[in-house]
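This report concerns only the one structure given below.
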Amino acid sequence: MENENLLNARNAYRMKHGLLTSDEIVAIRESYGLSQVDLARLLGWGEATISRYESKAIQDEAYDNMLRLIKDNPLQALEFLKKNADKFPGLKKVDVRTKIVEKLDSYGKEYLTRQAFEGEYASFEEPSDSNGFVMLNVDKLEAAISYIAEKVPSLFKVKLMKMLWYADAMSYKVCGFAITGLVYRHNEMGALPIGHYSLMNLENLNVQEEVNLNYDSMLHVYPSKNMDYSVLSDQDKSILDAVIKKFKDFKTQEIVDYMHEEKAYIETKQGEIIPFSKAKEIRDFKTR
């Protein structure tokens, strides 16, 4: 009981100072299928280091940053393995590499797609009026899209883009910051986020290319299986619900026409970023 209380106290300290908790460190190690010793060797640390961080010691920021580097990036783990290969005896290096490659196969596509998408936001590395004072959060973005798709059966790309803008704009109006961190440009069809092509290719989204009666190709967005909605706050969900209630039955052209009447759209030109400061003047609709 005393050890458990001490561990809880250490984890509370970690969370307060933005460090990974012991459970999060265990989860990183287990996601690669590595022992405590193997992970410590992979990172070039003493063999007992991971064991201490999972049980009693609190890692410093430099060690925490190294753990975060490999958390969702098997390619970085492979780089560490190359650097610290001499720490693994005999065939152990092959075994560790196999486990890392297995994780890369499982998560690599999503990681690489995210890299391409996030790369388009390299010019928006600070909170600003352009991103609603929120850095791009792909986990939240994927969850928000799937959340909308669960409640809007006929959800296609153009309509989704407008609903995302309204969700971010309303969040900014109500809370002073957006939900997703997307940056939107003025487009003929309304607000369109930077990187929208890469966005629709994110592996955790369920997007199907379909052909309508006019033989036009359309991207139909469906809910994603096993999506983690815990990344969305109650306030996020409340705002998304209000946007869904308002636009659920709108046809694509109707929501485009509706947005064309917003001051934020009228006062910007083709290709310009739509600043969130203008979102305070969007027409109101109620949150629950």
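Each value in this text was obtained by applying a stated rule to the coordinates, not by laboratory testing. Because the structure is predicted, anything quoted here is derived from the model rather than measured. For neighbour counting, all protein chains shown are included, and Cβ atoms are generated from backbone atoms with ideal geometry for every residue, glycine included.
Data overview
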| quantity | calculated |
| --- | --- |
| Residues of segment 34-49 satisfying the condition of being touching a residue at least 40 places away in the same chain (Cβ under 8 Å) and among the charged types (D, E, K, R) | Asp38, Arg41 |
| Residue tally, condition of a type outside the set (A, V, I, L, M) and under 15 Å from the mean Cα position of the chain (by Cα), over segment 227-237 | 5 |
| Any hit, segment 88-100, residues being within 25 Å of the chain's Cα centre (by Cα) and farther than 30 Å from Met170 by Cβ | yes |
| Residue match in segment 25-39 (condition: of a type in the set (A, V, I, L, M, F, W, C), in a loop (DSSP other than H, G, I, E, B) and within 18 Å of Ala85 (Cα to Cα)) | yes |
| Counted residues, segment 9-24 - those being assigned to a loop (DSSP other than H, G, I, E, B) and surrounded by 14 or more Cβ atoms within 10 Å (Cβ to Cβ) | 3 |
